[in-house]
Structures are given as C-alpha cells and as structure tokens.
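What follows is calculated from the coordinates using simple rules that are stated; it is not laboratory data. Because the structure is a prediction, the values reported are computed rather than measured. Don't worry about glycine lacking a Cβ; one is built from the backbone with ideal geometry, like all the others, and counts go over all protein chains shown.
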Amino acid sequence: MVLNDDQRRVIKALYLEMYFLLFSYAQNMLSDRSLAEEAVQDTFRIACAKADKLLCSPNPKGWLLNTLKYVIKNKVRSWAYHGNSLELDENIIPGNCDVLDIDFMYSDLTNSEDYKLIKKIALDKCSMLEAAKEIGISVEACKKRVQRAKKKLKKALKKMV
C-alpha cells in the first residue's frame with residue numbers, strides 16, 4: 001500500500017486529530033490500554049489500505065469511528081474464538097467520551113454555521129425566533145437556512161449509508 005503525498009498528509013492530519021478520541025473510545029469499550037492501542041492502530045492501517053474510500057467519504061471522522069467499531073467487534077470475536085473472555089457490551093455508553101457525540105460524528109457534514117443552527121433548533125430546543133435573534137437574521141431567513149441545512153445533512157447522511 002503506497003500512499004501519495006496528499007493521502008499521506010490527510011491521513012496524518014486525521015491521525016493527529018483523532019487518535020486520542022479513538023483511543024479513549026476503544027479503551028472504554030475494551031477496558032484494556034494495550035488492546036485499545038492495537039485497535040486504533042489497526043483502524044489506521046485499514047485507513048491507509050482503503051485511503052481512497054476514506055478520503056472520498058463525506059465524513060472521514062465518522063468513517064474512522066465506524067471502522068474502529070468493526071475492529072473492536074472483530075477483536076472480541078477473535079478472543080472468544082480462542083477461548084478468552086473479552087466481552088463487549090454494545091449497550092455501554094463510553095465514559096469520558098462526551099466528544100464522541102453528534103458533534104464528533106456529523107460536524108464535518110455541513111458548514112459550521114448551518115450545523116450550529118440545526119443543533120440549536122433540534123437539540124437545544126430553541127425557537128426559530130430565539131435562534132434568529134441570536135444570529136441576527138429574520139425568522140423567515142432562519143427557517144429557510146434550517147430547511148436548506150437539513151436537506152444538505154440528509155443528503156450527506158444518505159451517502160454514508
């Protein structure tokens with residue numbers, strides 16, 4: 001697997017930005033530092049092997065997280081096959097991983113202003129009037145921006161699936 005300079009640069013930047021977050025997630029899921037380190041390294045090995053898919057993804061951070069989830073599941077399966085008792089509780093919510101929430105997964109799918117507006121309306125339960133006043137636009141302009149941003153986000157999410 002030979003990466004060109006652009007691929008190497010982007011994957012290195014993702015590694016530097018995402019390593020701690022992915023490691024924290026893996027450690028919470030696996031409850032073992034060395035297994036978590038191995039899982040993250042495997043994730044980036046796969047990212048290098050499938051650099052074209054990673055870089056064409058509308059959400060490279062989400063792509064890496066999903067890859068890590070599969071790596072973790074495979075590690076658990078492999079350990080079980082070899083008679084070891086490493087269990088993965090899929091219902092567990094990783095501790096100390098607040099950044100692995102909607103911000104982490106979807107912020108790069110739309111421009112940041114639109115993303116913040118959707119989040120403010122949908123998650124923070126602000127009214128259109130409150131959001132419009134906060135960013136200094138009319139209520140009608142706010143509604144239109146939310147509508148456009150939702151459409152863009154839905155389109156990006158469909159590409160991921």
Spacing of the two label points (7 Å from each Cα toward its C-beta) at S127 and S112, in nm = 3.0 nm
inquiry  = As an exercise, use a Förster radius of 30 Å and the Cβ-Cβ distance of K143 and D52 to find the FRET efficiency, rounded to the nearest 0.05.
reply    = 0.20
message = Given points 7 Å out from each Cα along the Cα-Cβ axis, report the K154 to F20 separation in nanometres with one decimal.
response = 3.7 nm
key: Long pairs among K61/K143; K69/K154; K50/K151; K53/K73; K61/K119, criterion Cα-Cα beyond 25 Å   = K61/K143; K50/K151
ask   = If we count every other residue with Cβ under 15 angstrom of Q7's Cβ, Lys/Arg +1 and Asp/Glu -1, where does the sum land?
value = +3
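Run the numbers for D5 and Y70: contour at 0.36 nm per residue of separation, minus the present Cα-Cα distance, in nm. Write down the numbers at each step before the final one.
Working: separation 65, 0.36 × 65 = 23.40 nm, distance 2.74 nm.
Gain on stretching D5 to Y70: 20.7 nm.
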Within the range 11-41, backbone nitrogen closer than 18 Å to the virtual label 7 Å beyond the Cα of R77 toward Cβ = 30, 39-40
